[in-house]
1. Fully extended, how many nm does the chain gain between ALA169 and ARG256 (0.36 nm per residue separation, minus their Cα-Cα distance)?
2. Whole Å is fine, so just give me how far the alpha carbon centre of the stretch 85-142 lies from that of the stretch 1-29.
3. On a 0 to 90 degree scale, rounded to 10, what angle separates helix 61-86 from the longest Cα axis of the chain?
4. Dipole magnitude of the stretch 169-268 about its Cα centre, charges +1 at Lys/Arg Cβ and -1 at Asp/Glu Cβ only, in debye to the nearest 20?
5. Take SER276 and SER32, extend 7 Å from each Cα along the Cα→Cβ direction, and tell me the distance between the two endpoints in nm.
6. Using 0.36 nm per residue of separation minus the Cα-Cα distance, give me the extension gain between ALA22 and VAL162 in nm, one decimal.
7. If I stretch the segment between ALA62 and GLU128 completely, what's the gain in nm (0.36 nm per residue apart, minus their alpha carbon distance), one decimal?
8. Normalised by the number of residues in the chain, what is the relative contact order in percent for Cα pairs under 8 Å and 6+ residues apart?
Amino acid sequence: MRLNTTRLEMLSLLDSLGTVRAVAAALHLSPSAVSAQLAVLEAETHTDLLQRVGRRVRLTAAGRTLARHARVILDQVRAAEAELRDLSGQPAGPVRLAAFSSAVRKLVIPLAARLRQVHPRIELEVSELDPQASRPALRRGDCDIIVAADFVDGSTPPDPEVHTIPLLADAIVLVTSRGQAGPDAPVDLTDFATAAWSVDLPGTYLSRLVSSSCRQAGFEPIVAGRFSSYDLLLAHVEAGLSVSLLPELAVDGRYRVAARPLREPLTRQVYAAVRSPSALTAAGRIVLNELRDLAAARTRA
């Protein structure tokens, strides 16, 4: 039995994306072409990898096992290709990094600028991606490294297929306009029980954070604005129309706002993650090391 890496990639994507149609869209193929290749893979392995459920398919236990091995195999193939390129001299080639918006601004853009100076042959491709979407993207091979953030309560379940590297602790702060700013001493949320609040869209991490924190302090927040953009939220706060809770990384210095610590501290952990450190290319290892150095320097500062 000789496995074909193209078909293994299709199986891995089906495990991550859930439908043949989604796999076909990701690979710019027709669904019938993907179905045909998966049927060939079943014939090659002499194993039932797919179970038909109505008009859809899902992976059997054997299919999920092979998909897990497929991700390891594909990582090793990419690493081998990159190592051959690296034999020519300085590490080079593409590295795909995805991060949430405030990490892009505060960590990843400085990282890209640093790499351009000291490792110009590394081609860093940066994507903005919400933390809840980044792990699935990493697992299906859409990116090589992610920067994500754990929930304040540390409730993100462990993933045996993902290796995490802590970067920094990101404190949650109360953000007000400069005109509303008081002393730098930690604040009680109860002092803002009658204030207007800005939050993210319903169901998001920030929206849940504001609601749960205010309720724990004994009041229901009066919501004056819901914004999916931190820029709009900060502009609303800057105008004196609301206050909010934000991770410190998300507080943009271009806005005239004051960030004040909480008397009962809340923190989220920002981390990098890869599928396997051994599968990273030489260029990928350099990117990860530079990212850790930048995060450490920010923590010291």
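1. 28.9 nm
2. 24 Å
3. Rounded to the nearest ten degrees, it is 90.
4. Charge dipole of the stretch 169-268: 100 debye, to the nearest 20.
5. So the two model labels end up 3.7 nm from each other.
6. 48.1 nm
7. 20.4 nm
8. Relative contact order comes out at 21 percent.
Read-outs throughout are calculated quantities, based only on the coordinates presented, and are distinct from any laboratory measurement. Just so it is clear, the structure is predicted and the values come from calculations on it, not from any experiment. Backbone-built Cβ (ideal geometry, glycine too); neighbour counts: all protein chains shown.
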